[in-house]
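A quick write-up on the structure given underneath.
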């Protein structure tokens, strides 16, 4: 009669031990992966976020600081927009979400950079 009780205690101890050593789930965002906006359009895109990120970083090596999927003129009308920090400047790279074609690859305006710098300062 004592064996089932012992088994239950051993199972509970093993479960508690496993829970204590389990690694917590990674955070949804990190420096390597900024917050993504535009989830509501993702089902329409033929190009995945990961593929669009790779395309953007191929044409503009650096660190992606902002990323979104938005409806905007040009190309198919659905594009991924990435802010890429490279060499101390921020560039905007637009990738068509249907074809993967690069629609934009230029530096952000001084006003846009000032807004981004202010938001980074407040984080």
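Below, the figures for the structure above:
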item: Failed item in (1) modelled with pLDDT of 95 or more; (2) part of a strand (DSSP E or B), with residue 105 passing the rest; result: (1)
item: Residues (closer than 18 Å to residue 34 by Cβ and assigned to a strand (DSSP E or B)) located in the stretch 83-102; result: 83, 84, 85, 86, 89, 90, 91, 92, 93, 94, 95
item: Checking residue 18 against (1) within 17 Å of residue 83 (Cα to Cα); (2) modelled with pLDDT under 95; (3) in a helix (DSSP H, G or I), the condition it does not meet; result: (1)
item: Subset of the stretch 71-82 that is part of a loop (DSSP other than H, G, I, E, B) and on the phi < 0 side of the Ramachandran plot - its residue that is surrounded by the most Cβ atoms within 10 Å (Cβ to Cβ); result: 76
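The values are calculated or read from the model by the stated rules, or taken from the named source; none is laboratory data. Everything numeric in this text was worked out from a predicted model, so none of it was measured. No Cβ is skipped: glycine too gets one built from the backbone with ideal geometry, and neighbour counts run over all protein chains shown.
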